């Protein structure tokens, strides 16, 4: 599928972005600008003058110009690169022919500050795909997007599969970047500041905090592929998928955005309610109706074929179980006594409710209810605990129930 919306290098925040250009192109770019203007002093004077157009004031010297041209360790601020291409092209347009050449000659780009993460082997222009949109929902979930330069943008996820999934999406969209030592081990991914700057610029947001984040109208008006990709990311971060799908947040307005997107994707939902813990308000929550589980699961599989990282990560198996159960429930009713027979046959060896649920493809609540009844009938016993899970076993050999 072709996505027409793109972010080119000249669309990046010009004063917050720095580039390392390929040496041959960098030398040619600056030498040609000097040639067009007439001398190094005049070129520096013009750049200093044009810095005011970016609400900054610079007083560069010829030495700075030489350093930008000759040093392999000094990055060029994007606004300077843009102005140099305008000088050579003799055009005031940002997307002139020389800036288009420049976009193909970038070794890396980064935030215009010291000790910053670099986006190497950059994928330019950046395509606005479902994967791109999905990352914004992570910022609204377990991520953090800050407008403070000294605060690192980040994403928290203790499940390693989920954490690596977000890293893979980011590198697939933007390019490669290094990881801090042991990032995956502590369940936190530091995201290059320049990536956060791009999201802030593109969606016109200052920051994403747990109590103030909202889904931009620009996203809400997109097609189902984009909305579903975002919903998937929010489910990974903020949903409990067990016997039901429950989505929660302390941010009521954000949850209103999510329920609106869920409905636009075609899934039935229940109203937002307050959740209390020990009598104290905990968060807001809503559930997706069981009538939509099968469709949601199939839609995710379909989207995942085109966008491999648009998936539920470690939660996909749970959704598969829910979808299968609901589909079977809609088709037929279990014959009387059959579920008890199946449980008894599995309990020749001690087992937990969770394992039985997976083996028999039944909800934990269904398993639990049948175990209680079988215990009352003296067919099974509780024998011991395995860590925090209770183990169950039959008293005698499996018994067939009369139907």
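Side notes on the structure shown:
- Cα pair distances exceeding 15 angstrom across the stretch 338-394, given as percent: 38
- Using a cutoff of 8 angstrom between alpha carbon atoms and counting only pairs six or more residues apart, the relative contact order for the chain works out to 12 percent.
- Cα coordinate range in the stretch 255-323, projected on the principal axes (Å, largest first): 44, 25, 21
- The stretch 36-195 shape via C-alpha gyration tensor axes, a/c threshold 1.5: prolate
- Protection proxy ranking, peptides 241-248, 300-307, average beta carbon neighbours within 10 Å, highest first: 241-248, 300-307
- Measuring between their Cα centroids, the stretch 58-97 and the stretch 1-52 lie 4 Å from each other.
- Semi-axes of the equivalent ellipsoid for the stretch 219-360, Cα gyration tensor, largest first, Å: 30, 20, 14
- Among 127-138, 93-104, the order from most to least packed when residues are scored by Cβ within 10 Å on average: 127-138, 93-104
- Kirkwood hydrodynamic radius of the stretch 291-330, Cα pairs, Å: 10.3
- Using 0.36 nm per residue and subtracting the Cα-Cα separation, the extra length available between residue 359 and residue 62 on full extension is 99.6 nm.
- Normalised contact order of the stretch 1-139, rounded percent, pairs of Cα under 8 Å and 6 or more residues apart: 38
- Grouping the Cα pair distances of the stretch 77-121 into 5 Å bins from zero gives a pair-distance distribution of 5, 22, 26, 19, 15, 10, 2 percent in increasing distance order.
- Mean projected area in nm² (Cα convex hull; one quarter of hull surface) for the stretch 146-215: 5.2
- Taking each residue as 0.36 nm, the span from residue 250 to residue 373 lengthens on full extension beyond its C-alpha to C-alpha distance by 40.4 nm.
- Full extension of the chain between residue 306 and residue 49 gives 87.7 nm of extra length, using 0.36 nm per residue less the Cα-Cα distance.
- Cα-based shape type of the stretch 127-290, given that a ≥ b ≥ c are square roots of the gyration tensor eigenvalues and the cut on a/c is 1.5: prolate
- Note on residue 22/residue 217: beta-carbon distance plugged into 1/(1 + (r/R0)^6) with R0 of 30 Å gives a FRET efficiency of 0.15.
- A P(r) calculated from all alpha carbon pairs of the stretch 7-116, with 5 Å bins opening at zero, reads 2, 12, 25, 28, 23, 9, 1, 0 percent.
- Between residue 327 and residue 97, the simple spin-label model (points 7 angstrom out along Cα→Cβ) gives 5.7 nm.
- Between 258, 181, 194, the residue with the greatest mean-square fluctuation in the GNM of the chain (Cα pairs under 10 Å linked by springs) is 181.
- Modelled this way, with points 7 Å down the Cα-to-C-beta line, the labels at residue 186 and residue 381 are 5.0 nm from one another.
- Distance between modelled label sites at residue 179 and residue 151, nm, 7 Å Cα→Cβ extension: 2.5
- Each peptide in 11-19, 311-319, 139-147 was scored by the mean count of other Cβ atoms within 10 Å over its residues; highest first, the order is 139-147, 11-19, 311-319.
- Each Cα pair under 8 Å and six or more residues apart adds its sequence gap; the mean of these over the residue count of the stretch 338-394 is a relative contact order of 40 percent.
- The Rg/Rh ratio for the chain is 1.14, where Rg is the radius of gyration of the alpha carbons and Rh is the Kirkwood radius.
- With R₀ fixed at 25 Å, the C-beta to C-beta distance from residue 314 to residue 8 puts the FRET efficiency at about 0.10.
We did not get these values from a lab; they are worked out from the coordinates using the rules stated. This is a predicted model, so every value here is computed, not measured. Heads up, the Cβs are rebuilt from the backbone with ideal geometry, glycines too, and the neighbour counts pull from every protein chain shown.
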